[in-house]
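Only one structure is covered here, and it is reproduced in the block below.
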Amino acid sequence: MATYLAPGVFVEEKSSGNKQIEAMSTSIAAFIGVASMGPIGRATLITSAAEFARVFGGPMQPDATIPALLPHLAYAVQHFFAERGTTC
């Protein structure tokens, strides 16, 4: 039943019941960044650092067109797989 605290303010508590939390995979990482080549605007499944280099190219060097903060995507993916990551 609603409790009236002030005009126009109503609090109604409802039991949420016992719901199970469903297990989901937490082993797929997502990386977003700048690459030298590859598909644009869509997710691409990558299963190794070598596959990433083949699809998106290797590490980029900052220059006049690429600010220093942007070209770290390849390094992040390399470290992900070096730390036993499996899919991104």
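Brief remarks follow.
- Counting the residues of region 32-69 that are modelled with pLDDT under 90 and touching a Phe, Trp or Tyr at 6+ places or on another chain (Cβ under 8 Å) gives 3.
- A search for C-beta distances below 6 Å between a residue of region 69-80 that is among the polar types (S, T, N, Q) and any residue that is part of a helix (DSSP H, G or I), counting only pairs 6+ apart in sequence or on different chains, returns Gln78/Ala49.
- Residues of region 18-31 classified as at pLDDT 85 or above and either closer than 13 Å to Gln78 by Cβ or polar (S, T, N, Q) (or both), total: 2
- Complete set of residues in region 54-75 that are surrounded by fewer than 16 Cβ atoms within 10 Å (Cβ to Cβ) and in a helix (DSSP H, G or I): Arg54, Val55, Tyr75
- Inter-residue pairs, beta-carbon under 6 Å, first free of Cβ contacts under 8 Å to residues at least 24 places away in the same chain and closer than 15 Å to Ala76 by Cβ and in region 44-57, second of a type in the set (A, V, I, L, M) and surrounded by 14 or more Cβ atoms within 10 Å (Cβ to Cβ), 6+ apart: Phe56/Ala35; Gly57/Ala35
The values are calculated or read from the model by the stated rules, or taken from the named source; none is laboratory data. All of these numbers come straight from a predicted model, not from anything done at the bench. Positions of Cβ are backbone-derived with ideal geometry, glycine not excepted, and every protein chain shown enters the neighbour counts.
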